[in-house]
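Asker: My questions will all concern the structure given below.
The values are calculated or read from the model by the stated rules, or taken from the named source; none is laboratory data. All figures in this text were calculated on a predicted structure; none of them were measured in a lab. Every residue, glycine among them, receives a Cβ derived from its backbone with ideal geometry; neighbour counts consider all protein chains shown. To get the accessible areas, we keep the full protein, side chains included, count just its heavy atoms, and leave off ligands, DNA and RNA. Shrake-Rupley method; radii C 1.70, N 1.55, O 1.52, S 1.80 Å.
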Amino acid sequence: MDPILALAGLGVGIVVGLTGMGGGALMTPILVLVFGIPPVAAVSSDLAASAVMKPFGGLVHARRGTVLWPVVGWLCVGSVPSAFLGVLLLRLIGSDATVQRVIQVALAVALLLAAGGLVAKAYRSRRDGGGDKEPAAVRVRPLPTALLGAAGGLVVGLTSVGSGSLIIVVLLMLYPALRANDLVGTDLVQAIPLVAAAALGHAFFGDLHLDIAAAVLIGSIPGVLIGARLSSRAPNAVVRAALVVVLVASALKLFGLSNLVVAGTAGAVALAAVVLTLRGRVARPVPVAIEDPALN
């Protein structure tokens, strides 16, 4: 067992537990670029590890009540069968670099739009004087949820990327009133059957290396438990900031930028998020008790 690989799994697990995404967009490139694992083996092993890892984080969110189960159900109605379809299509079209590149660029653009949407939502919340609020009542939209879940599952089956990040985009489109904590919990739980379906498809046709998946799991299981506990308890603004950082980093990686550029940009976004969060807390007016003269 490679301890460095387990350590990488720990870091990715924390990110997945905290934000609900980042597994495919982070772990697969690490396996290929850092450890020299062939892409097919990296994709299959990462999906297999995610299928085991994500239930641990999902259980934490379920216990904290940050999962919208009806939304999860309708997402899975569309995403699970389309994930199998995506794997079959991948076998039919082969490793067509043009098709893969178009899908990845489209996904990267969607992730940047989602990050922009989260920033706009945070700005609107600050302008309206909002903070961490009680979860708003959400009206489930079955057909659009299932259809967009199907689109997400197809992309995951084709590229192994997006089981968390792409569905975050779907949830933001359909349910903009969701708190960041509920967004992460719902996204993390729906990804469990989706990733399992894609992993089974790749196991049937691909090159699954159980030793690689096991090494990743040794680190990622405790990592996702730590991240999920932080996410389910952290203030809404903190989780939202983490989501924005991971969305931007994942998008830049999908655009094919270097690790140095991705790390530098993600660090700058994280620093900006910390500064804005601190400024918001300082600028928030503190209620002052006013004496009623009639009581004197």
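Asker: Can you tell which of Leu217, Leu158, Leu210, Leu225 is more than 26 Å from Phe84 (Cα to Cα) and open to solvent by 10 Å² or more (accessible area, probe 1.4 Å)? Break it down into steps so the answer makes sense when it comes.
Answerer: On the way: Leu217 fails: more than 26 Å from Phe84 (Cα to Cα); Leu158 fails: more than 26 Å from Phe84 (Cα to Cα); Leu210 fails: more than 26 Å from Phe84 (Cα to Cα).
Sole residue among the options that is more than 26 Å from Phe84 (Cα to Cα) and open to solvent by 10 Å² or more (accessible area, probe 1.4 Å): Leu225.
Asker: State all residues of the stretch 176-231 that are part of a loop (DSSP other than H, G, I, E, B) and of a type in the set (D, E, K, R); if no residue qualifies, say none.
Answerer: Arg179, Asp207
Asker: Follow-up. Working carefully through the options Val105, Val87, Val99, find the one that is modelled with pLDDT of 75 or more, open to solvent by less than 60 Å² (accessible area, probe 1.4 Å), over 29 Å from Ala215 (Cα atoms) and of a type in the set (A, V, I, L, M, F, W, C).
Answerer: The unique qualifying residue is Val105.
Asker: State all residues of the stretch 29-88 that are part of a helix (DSSP H, G or I), in contact with a Gly (Cβ under 8 Å, 6 or more places away or on another chain) and among the polar types (S, T, N, Q); if no residue qualifies, say none.
Answerer: Ser44, Ser50, Ser79, Ser82
Asker: Those residues that are more than 18 Å from the chain's Cα centre (by Cα) and touching a residue at least 12 places away in the same chain (Cβ under 8 Å), I need them from the stretch 79-95; list them, please.
Answerer: Pro81, Ser82, Phe84, Leu85, Gly86, Val87, Leu88, Leu89, Leu90, Arg91 - these are the residues of the stretch 79-95 that are more than 18 Å from the chain's Cα centre (by Cα) and touching a residue at least 12 places away in the same chain (Cβ under 8 Å).
Asker: Next question, about the same structure. Let me spell it out: the conditions are (1) modelled with pLDDT of 75 or more; (2) in contact with a helix residue (DSSP H, G or I) (Cβ under 8 Å, 6 or more places away or on another chain); (3) over 21 Å from Leu68 (Cα atoms), and Arg126 meets all of them except one. Which number is the exception?
Answerer: Looking at each condition in turn, Arg126 falls short on (1).
Asker: Go over the candidates Ile192, Ile212 one by one and state the one that is modelled with pLDDT of 85 or more and within 13 Å of Ala51 (Cα to Cα).
Answerer: After applying the criteria, what remains is Ile192.
Asker: While we're looking at this one, here's another question. Does Thr28 fit the bill of being at pLDDT below 90, hydroxyl-bearing (Ser, Thr, Tyr) and open to solvent by 10 Å² or more (accessible area, probe 1.4 Å)?
Answerer: Judged against the criteria, Thr28 is a match.
Asker: Picking from Ala177, Ala146, Ala197, which residue would you name as being modelled with pLDDT of 70 or more, out of contact with any Ser or Thr (no Cβ under 6 Å at 6 or more places or on another chain) and either open to solvent by less than 10 Å² (accessible area, probe 1.4 Å) or basic (Lys, Arg) (or both)?
Answerer: After ruling out the rest, the residue left standing is Ala197.
Asker: Search the stretch 233-246 for residues that are touching a residue at least 60 places away in the same chain (Cβ under 8 Å) and among the charged types (D, E, K, R) and pair each with any residue that is in a helix (DSSP H, G or I) and open to solvent by 20 Å² or more (accessible area, probe 1.4 Å) when their beta-carbon atoms are under 6 Å apart and the residues are at least 6 apart or on different chains.
Answerer: Filtered contacts from the stretch 233-246: Arg240/Ala122.
Asker: Kindly evaluate Val261 against the criterion of being closer than 26 Å to Ile4 by Cβ and in contact with a Ser or Thr (Cβ under 6 Å, 6 or more places away or on another chain). Step through it out loud before you land on a result.
Answerer: Values: closer than 26 Å to Ile4 by Cβ: yes; in contact with a Ser or Thr (Cβ under 6 Å, 6 or more places away or on another chain): no.
Judged against the criteria, Val261 is not a match.
Asker: Hey, could you check the stretch 36-69 for residues that are open to solvent by 30 Å² or more (accessible area, probe 1.4 Å) and touching a Leu at 6+ places or on another chain (Cβ under 6 Å) and say which is nearest to Arg179 (Cα to Cα)?
Answerer: So the residue we want is Phe56.
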